[in-house]
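To start, the structure under review is shown below, and the notes come after it.
The values are calculated or read from the model by the stated rules, or taken from the named source; none is laboratory data. Here the structure is a predicted model, which is why all the values come from computation and not from measurement. FYI the Cβ positions are ideal-geometry reconstructions off the backbone, even for glycines, and counts take in every protein chain you see.
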Amino acid sequence: MPFSELYLKQLNKNNAGQKSFAVLLDPDNLHEASCPDIIRFCNQNNVDYIFVGGSLLTKSTQTQLIRQIKQLTTIPVILFPSHSLHIDPQADAILLLSLISGRNPEFLIGQHVLAAPLLKESELTVLPTGYILVDSGRQTTASYMSGTTPLPYDKPSIAASTALAGELLGLQFIYLDGGSGALHPVTSDMIQAVRKTISVPLIVGGGINTVQKASVALAAGADIIVVGNQVEKNPDFISEVSEVVSEFNRIRLEK
């Protein structure tokens, strides 16, 4: 399967030392009235990707939400699914997540088998992604729903070896995640260890709820940082993080 335009674009940014910014929107926590305000901030602040999804979708609002987002922006809308039922062909792409930090076959390959025929029929760009859940100080919805134990937060070598295995299996992205509502973000030591070990783009999310935490993740080696819960509470956080990403990229260009 040839590399997608989205993947090649991100690789080019990586090679240039440039970082990307993704906003994660959970359909369970967002309604049509609040969506335009958040998308306006995304449009005004150089957001690179809009991820849509969550570990547990209890409302049937994802379809309407994606339709609304697509009407309001040209930013790529990328599905962040936890189940094959969450596939929506309106989106631009899907992170085909393989939970390589766990040992539950349902999320290593089971859901993928169910999703494969649907994905082949759709026009979605498929982005094979190694998903690594990291202990964030408390159990998150992702770890509970997947029935898996997160990697210890203080074991960067395990994370690095897991990420490398994912890359060698052909996965195009590695996603280090503390999970939605993480008490603590992924540590800089773990991000650094993974970044030094792999050559594919590294996504980092979970618990990035301050500008300082965003800056730490970028400096440690995250290629794409993801913010979610804090944006739902305070949409202006998008502009704050965007400034950090833009300043980081500006300094890199001047070197």
Practice problem: Take the residues in the range 76-122 that are closer than 20 Å to Phe173 by Cβ and acidic (Asp, Glu), then tell me which one is farthest from the chain's Cα centre (by Cα). | Solution: Asp88
Practice problem: Scan the range 180-211 for residues that are of a type outside the set (A, V, I, L, M), within 13 Å of the chain's Cα centre (by Cα) and crowded, with 24+ Cβ neighbours inside 10 Å and report the count. | Solution: 3
Exercise. Check Leu114 against each of (1) buried (at least 16 other Cβ atoms within 10 Å of the Cβ); (2) in a helix (DSSP H, G or I); (3) of a type in the set (A, V, I, L, M, F, W, C) and name the one condition it does not meet.
Key: (1)
Exercise. Any residue in the range 164-177 that's touching a residue at least 60 places away in the same chain (Cβ under 8 Å) and under 16 Å from Val126 (Cα atoms): show its pairings with residues that are aromatic (Phe, Trp, Tyr) and buried (at least 22 other Cβ atoms within 10 Å of the Cβ) at Cβ separation under 8 Å, as long as the two are six or more apart or on different chains.
Key: Tyr175/Tyr131
Quiz item: Only one residue in Ser101, Ser122, Ser84, Ser143 is in contact (Cβ under 8 Å) with a residue 60 or more places away in the chain and of a type outside the set (D, E, K, R). Which one?
Solution: Ser101
Quiz item: For the range 1-110, which fully contained strands (runs of 3 or more DSSP E) count at least 2 residues that are β-branched (Val, Ile, Thr)?
Solution: 49-52, 77-79
Practice problem: Would you point out which residue out of Asp154, Asp177, Asp135 is surrounded by fewer than 20 Cβ atoms within 10 Å (Cβ to Cβ), at pLDDT 95 or above and within 19 Å of Val204 (Cα to Cα)? | Solution: Asp154
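One line per residue, one yes/no per condition, for (1) surrounded by fewer than 14 Cβ atoms within 10 Å (Cβ to Cβ); (2) more than 20 Å from Val244 (Cα to Cα); (3) of a type in the set (Phe, Trp, Tyr); (4) under 17 Å from the mean Cα position of the chain (by Cα):
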position	(1), (2), (3), (4)
Phe3	yes, yes, yes, no
Leu11	no, yes, no, yes
Asn15	yes, no, no, no
Ser20	no, no, no, yes
Leu30	no, yes, no, no
Ser34	yes, yes, no, no
Arg40	no, no, no, no
Quiz prompt | Qualifying residue in the range 87-105 (condition: among the acidic types (Asp, Glu), farther than 20 Å from Leu176 by Cβ and surrounded by 16 or more Cβ atoms within 10 Å (Cβ to Cβ)) | solution = yes
Quiz prompt | Qualifying helices (runs of 4 or more DSSP H) (wholly inside the range 183-255; at least 1 residues being of a type outside the set (Ser, Thr, Tyr) and farther than 25 Å from Asn43 by Cα) | solution = 188-197, 211-220, 237-254
Practice problem: Kindly list, by first and then second residue, each pair from a residue in the range 38-55 that is more than 26 Å from Leu96 (Cβ to Cβ) to a residue that is not in a helix (DSSP H, G or I), limited to pairs with Cβ atoms under 6 Å and residues at least 6 apart or on different chains. | Solution: Phe41/Pro235; Asn43/Thr73
Quiz item: Of the conditions (1) free of Cβ contacts under 8 Å to residues at least 40 places away in the same chain; (2) more than 30 Å from Phe237 (Cα to Cα); (3) small (Gly, Ala, Ser), Ala214 fails just one. Which one is it?
Solution: (2)
